[in-house]
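Please treat every number below as a calculation from the coordinates, not as lab data. Just so it is clear, the structure is predicted and the values come from calculations on it, not from any experiment. Cβ atoms come from the backbone with ideal geometry, glycine included; neighbour counts cover every protein chain shown.
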Amino acid sequence: MSSSSEESASGSSETNSPSQNKYKGIRRRKWGKWVTEIRVPGTAERLWLGSYTTPEAAAVAHDVASYCLRGTTSLQNLNFPLELPAGALIGLSPRSVQKAASDAGLAIDAKLKDQSDFLPRNENWGNGSSSRDEYLSISVEDYDLQ
């Protein structure tokens, strides 16, 4: 049996799957949306971080939540460690972490949607060429500090 018939017999191919992502902490729904959630350290609680149009938006939401919940120890595990927004603060309540992550992900989705008419998708994303404040502005005034 050839590898292509093995793949069709099993129903999917892990290596050639279009839904296979290159970012940590995200997954793709059957209908194409990208979603992310994260565990709150020291508990069994999971925080739902949202559903996004692009994998980059879901990855940024996960990065923000990871940094807010785990602090600087999470930096080596972030998808875009040089692109954390100003709203990513350590010590926020889980609800505020959820809001900050969602705001960041939605801002990225909006930014990428606006740029989609002008740039091929993912052309300059995450390579450190853009400044932190160039694409994302999030206020922390509504977040509860613990």
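Residue-wise HN-Hα couplings along region 25-38, as the Karplus relation 6.51 cos²θ - 1.76 cosθ + 1.60 with θ = phi - 60° gives them from phi, are x, 10, 8, 10, 6, 4, 8, x, 6, 9, 10, 8, 8, 8 Hz; Gly and Pro carry x. The string of couplings for region 74-81 from the Karplus curve (6.51, -1.76, 1.60, θ = phi - 60°) is 8, 4, 6, 9, 7, 6, 10, x Hz, one whole number per residue in order, with x for Gly and Pro.
Here the residues TRP31, TRP48, ranked from fewest to most Cβ neighbours within 10 Å of their Cβ, fall in the order TRP31, TRP48.
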